[in-house]
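Visitor: First, the structure itself, so that you have it in front of you.
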Amino acid sequence: MLKSVLARRPRSPRRTPRTARGLLVGLTALGLGGVLALPTTPARANARTARHYTAHVVKKGESLSRIARTYGCSIKTIQETNGLSGEKIRRGEALAIPPCGPGGTLETPTPRASKSGAAPLRHRVRKGENLSRIARTYGCSVADLRAKNGIEGSVIMPGQELLIPRSSAVKAPEILGQSVGAPQRGRLVNASRLRSGKGYLLRRPERTYGTSQLVHYVREVVGSTRKQHPAAHRLAIGDLSSRRGGPLSGHRSHQSGRDIDIGLFYTKRPSGYPSEFKPGTASNLDMAATWTLIKEFAATAKHDGGVEVIFLDYELQRALYKWARKQGVPRTTLRKILQYPAGRWADAGVVQHYPNHADHLHVRFKCPKGDKGCS
């Protein structure tokens with residue numbers, strides 16, 4: 001078991017030799033039904049594949065309004081899907097384009113991010129839909145959907161409004177081929193970017209590039225956490241990767257766009273935070289907000305491209321465990337999330353101990369299925 005744990009821990013970077021292979025693994029867009037190559041005529045392709053996202057790489061001279069017109073979407077829809085606060089885009093940036101219908105709005109109940117980045121709360125049932133289909137759409141379980149809406153059986157009616165469980169992070173619109181190689185020995189192609197948002201501070205904006213999955217889930221989880229803890233202070237967002245990936249000073253990993261460092265929540269915001277990370281202790285941590293943040297990230301592990309592992313100091317895990325037990329959190333739930341009390345090097349839980357991680361979370365995301373260039 002020790003060997004399997006060590007395999008997931010950050011290792012010293014090694015430079016990847018140049019090869020004769022091309023740099024692009026091939027951008028595709030993964031929808032609910034399969035994989036779709038980039039279309040040559042976007043508007044027609046969208047009409048035929050109403051449940052797919054399309055990956056669009058920004059070309060020189062393109063504007064957001066031009067891209068919106070090409071795909072029959074509104075500018076607002078593309079902004080919400082990609083977490084854009086304005087209309088500024090860069091050449092080479094990968095955008096996830098949703099299927100749009102008349103008026104440029106989404107044709108399907110695909111989740112749309114709110115200003116806070118949190119998942120939507122409601123879904124209106126359409127003719128032919130069932131609980132299983134709706135649960136798959138929003139990345140939650142049928143059991144959670146029933147519990148949230150007080151449904152005992154499986155009968156739902158067209159026009160009925162359902163509440164979507166907030167703890168279930170909405171499945172990300174996936175763009176394949178971005179993360180090439182391993183976190184300790186890799187690079188980024190057509191990177192997505194985590195942009196400034198409400199409730200968090202980007203410590204080094206030049207290091208905010210990653211995969212579409214990472215960017216999506218970070219926005220969803222941070223937004224959901226702040227919805228549940230509106231009085232919490234701003235969160236520090238540390239390094240992701242550089243625009244093209246590769247070795248990053250101060251890190252052994254963070255090379256392929258699947259790693260991000262995120263600060264903690266405190267009962268009283270420490271001096272200098274969130275511009276700098278500050279050590280957490282059993283006495284200064286806002287246990288409720290920090291636990292929610294970790295729990296929400298861990299919930300994405302069941303999704304393709306969700307969290308693979310979270311690194312956090314073992315003593316902070318101990319403090320969180322004791323607090324959670326006092327709040328009535330079942331041991332079975334805690335065992336799935338925390339490594340404590342199994343031991344510092346035990347292969348247990350999504351959260352794993354790693355030295356020098358008492359002032360932040362190191363969150364790593366999985367490679368999406370079918371992404372052959374990612375390891």
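The values are calculated or read from the model by the stated rules, or taken from the named source; none is laboratory data. Source: prediction; values computed, not measured. Neighbour counts are summed over all protein chains in view; Cβ atoms, including those assigned to glycine, are modelled from backbone coordinates with ideal geometry.
Visitor: In this structure, does VAL309 turn out to be under 12 Å from the mean Cα position of the chain (by Cα), buried (at least 17 other Cβ atoms within 10 Å of the Cβ) and closer than 16 Å to LEU361 by Cα?
Guide: So VAL309 fails the test.
Visitor: When you go through (1) modelled with pLDDT of 70 or more; (2) assigned to a loop (DSSP other than H, G, I, E, B); (3) within 15 Å of HIS216 (Cα to Cα) one by one for GLU87, which number turns out not to apply?
Guide: (3)
Visitor: Quickly run through the stretch 219-242 and pick out the residues that are touching a Gly at 6+ places or on another chain (Cβ under 8 Å), of a type in the set (A, V, I, L, M) and outside any loop (DSSP other than H, G, I, E, B).
Guide: Of everything in the stretch 219-242, those that are touching a Gly at 6+ places or on another chain (Cβ under 8 Å), of a type in the set (A, V, I, L, M) and outside any loop (DSSP other than H, G, I, E, B) turn out to be VAL222, LEU235, ALA236, ILE237.
Visitor: Quick one: would you say SER114 is small (Gly, Ala, Ser), at pLDDT below 70, surrounded by fewer than 18 Cβ atoms within 10 Å (Cβ to Cβ) and part of a loop (DSSP other than H, G, I, E, B)?
Guide: In short, yes.
Visitor: Okay, moving on. With respect to the numbered conditions (1) in contact with a His (Cβ under 9 Å, 6 or more places away or on another chain); (2) surrounded by fewer than 20 Cβ atoms within 10 Å (Cβ to Cβ); (3) within 25 Å of HIS233 (Cβ to Cβ), which one is the sole condition not fulfilled by GLY343?
Guide: Of everything listed in (1) in contact with a His (Cβ under 9 Å, 6 or more places away or on another chain); (2) surrounded by fewer than 20 Cβ atoms within 10 Å (Cβ to Cβ); (3) within 25 Å of HIS233 (Cβ to Cβ), GLY343 misses just condition (3).
Visitor: Continuing with this model, one more query. Based on what the data block shows, is THR281 assigned by TED's automatic domain parsing to the domain that holds PRO230 and over 26 Å from LEU214 (Cβ atoms)?
Guide: When the stated conditions are applied, THR281 passes them.
Visitor: Among the residues of the stretch 205-240, write down those that are charged (D, E, K, R) and closer than 28 Å to VAL180 by Cα.
Guide: Hits for the stretch 205-240 are GLU206, ARG207, ARG219, GLU220, ASP239.
Visitor: Can you tell me which residue among ASP347, ASP371 is assigned to a loop (DSSP other than H, G, I, E, B), at pLDDT below 95 and under 30 Å from VAL189 (Cβ atoms)?
Guide: When all the criteria are applied, what remains is ASP371.
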